[in-house]
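Notes follow once the structure below has been shown.
Just so it is clear, none of the values below were taken in a lab; they were calculated from the coordinates. Just so you know, these numbers come straight off a predicted model, no measurement behind them. Cβ atoms come from the backbone with ideal geometry, glycine included; neighbour counts cover every protein chain shown.
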Amino acid sequence: MNAALPVVIVGGGLAGALAALCLAQRRPDVPMLLLEADERFGGNHTWSFFDSDVPEEARDLIAALNPVRWPRHTVAFPGRRREFDFAYNAVTSGALDALVRDRLPRNAWRTGAAVASLDADGVTLASGERIAALGVIDARGPDGPMPGLDLGWQCFVGIEFAARAPDPSCATVMDATLPQIDGYRFVYVLPMADDKVLVEDTYYTDGPDLDVAEVADRVRTLAAERGLSGPELRQEHGVLPILIGGDPDAFWPKGDPIPRLGMRGGFFHATTGYSFGLALQNAVTLSRGSESFDSAALAEWSRGRFERHWQAMRFFRVLNRMLFRAAPPLERYRVFEHFYRLPIALVARFYGGVPTAADKLRILSGKPPVAIGAALKALLGR
Ligand SMILES: Cc1cc2nc3c(=O)[nH]c(=O)nc-3n(C[C@H](O)[C@H](O)[C@H](O)COP(=O)(O)OP(=O)(O)OC[C@H]3O[C@@H](n4cnc5c(N)ncnc54)[C@H](O)[C@@H]3O)c2cc1C
């Protein structure tokens, strides 16, 4: 083993870039190479998160990403509207790209570097170049199948308009007071600046098919109805997995010699498909200094974190079964409407993936928002 060989992170998206930034900051002694197929890091995303998703040790890193911050956020359903004095934040992929270029030594990153194959000892680029590595981390994102997993989907299209939101200090994280189509549907409104607003039309659907052009037209209609239209600045779309069940060992076979981070390693919140908080936690833990950074040690470390995450998501998989299997698609909004009767501290722990036992009881208490027989079947996993 050659200690001078780098740790190669394959994929400079959210998880790979955050891991590289944390390593550069906290373990500058570890040689590292971040390889990204695209010409920029982070793709085309707006990543949102609650304060509670950010570990203490990552606060300075997040501050350097210049997040947009809303001191308040709202949710709305046909039968419930709530506003919370609880901050919501978002960072852009443009900020992540800029920070990687600013903070990583120039020899620690490459763009336009598509990896054709990888193994525990190194990677081969599409160009044929071979790069030997001490450790290889697969952070190539969610593309491709997620074998062994039983999934629902969260599909969305967002358009950023040059327009002013009525209250730029408040984010609308779910507004389901609109016709339900295909499943649970809501609009998401983030005032990104005084003169810029991101409007997203989101669906919890049974399948991953998203007609981007059709939903983009619906976004334009929604924006016009809400007085948020203006010149279009950018567009993004996503198809995120919502975990209902499955076999973790089929998804990530035990003994796989390649360490994983991000969506590639199943590190997403089962109910939202979001991965920002987990990517940060993994990045911080990685840079806290495992004794060795060879592939074998990193594979054991990351597989161990996946196993703990899978356990932690058990309760969420049960709720998702209720959402997708017990509620008729156009009634799914009732599950969220019922959930949002709860205190904001509990809601934050839920989205942080760390509900307490008492939280779980409270979430399941009260009259179920779906037929009792179907809810019981979902709870019992049948
Ligand atoms: C539009 C959108 C908005 C989202 N918003 C949120 C949000 O608000 N909050 C949240 O928590 N989550 C959000 N998510 C979900 C999730 O957090 C993101 O998908 C996140 O980017 C996943 O991080 P990742 O690093 O696993 O994958 P990615 O960020 O997709 O990164 C993977 C990277 O690997 C690169 N790559 C792939 N193959 C190769 C190869 N062969 N060689 C080299 N490089 C390669 C890709 O080009 C890409 O840059 C959003 C997702 C989308 C699509």
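Based only on Cα atoms, what mean projected area does the convex hull of the stretch 149-243 have, in nm²?
About 5.9 nm², averaged over all directions.
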With 10 Å bins from 0: P(r) over the stretch 1-58, alpha-carbon pairs, percent: 20, 43, 30, 6, 0
Using Cα positions and a limit of under 14 Å, work out the aspartates and glutamates in reach of LYS360, with same-chain residues fewer than 8 apart set aside. none
Find which of CYS155, GLY227, PRO179 sits farthest along the positive direction of the dipole of the stretch 149-243, computed with +1 on the beta-carbon of Lys and Arg, -1 on that of Asp and Glu, about the Cα centre. GLY227
To the nearest Å, what is the center-to-center distance of the stretch 280-315 and the stretch 146-175, using C-alpha atoms only? 28
In a Gaussian network model over the chain where Cα atoms closer than 10 Å are linked, find which of ALA133, ALA357, ALA165 has the largest mean-square fluctuation. ALA357
Where trypsin sites (Lys or Arg not before Pro) fall in DSSP loop in the stretch 274-369, at most 15 other Cβ within 10 Å: ARG288, ARG341
Would you tally the net charge around PHE41, using a Cβ to Cβ cut-off of less than 12 Å, leaving PHE41 out, and scoring K and R as +1, D and E as -1? -1
Could you give the Stokes-Einstein D for the chain in µm² per second, using the C-alpha Kirkwood radius, 10 °C, 1.306 mPa s? 73
Direction-averaged shadow area of the convex hull around the Cα atoms of the stretch 160-312, nm²? 11.3
Size of charge dipole - the stretch 171-235 - debye, nearest 20, with Cβ of Lys, Arg +1 and Asp, Glu -1, no other charges: 220
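Quick one: work out the % antiparallel among DSSP beta bridges in the stretch 1-126, nearest 5.
Roughly 75 percent of the DSSP beta bridges within the stretch 1-126 come out antiparallel.
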FRET efficiency for ASP85 and ALA114, Cβ-Cβ distance as r, R0 = 51 Å, nearest 0.05? 0.65
FRET E, pair GLU307, ASP195, Förster distance 35 Å, beta-carbon r, rounded to 0.05: 0.15
Relative to the longest principal axis of the chain, what angle (0 to 90°, nearest 10) does the C-alpha long axis of helix 212-225 take? 50
Computed magnitude of the charge dipole of the chain (debye, nearest 20; Cβ of K, R +1, Cβ of D, E -1): 1240
No solvent, one uniform scatterer per C-alpha: report log10 I(q)/I(0) for the stretch 317-379 via the Debye equation at q = 0.14 1/Å, two decimals. -0.37
I'd like to know which of PRO355, ALA20, SER117 lies farthest towards the positive end of the charge dipole of the chain, counting +1 on Cβ of Lys and Arg and -1 on Cβ of Asp and Glu. PRO355
State, as an integer percentage, the relative contact order of the chain based on alpha-carbon contacts under 8 Å between residues 6 or more apart. 19
Cross-link partners among aspartates and glutamates for LYS367, C-alpha distance below 18 Å, same-chain residues fewer than 8 apart left out? GLU331, GLU337, ASP359
Could you give the length gained on full extension between ASP143 and ARG234, defined as 0.36 nm per residue of separation minus the Cα-Cα distance, in nm? 30.6 nm
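Which FRET efficiency, nearest 0.05, do LEU364 and ASP249 yield, Cβ-Cβ r, R0 41 Å?
Values: r = 28 Å, r/R0 = 0.69.
It comes out at approximately 0.90.
More than 18 angstrom separation, counting every C-alpha pair in the stretch 90-224; what % is that?
Cα-Cα pairs of the stretch 90-224 separated by over 18 Å account for 69 percent.
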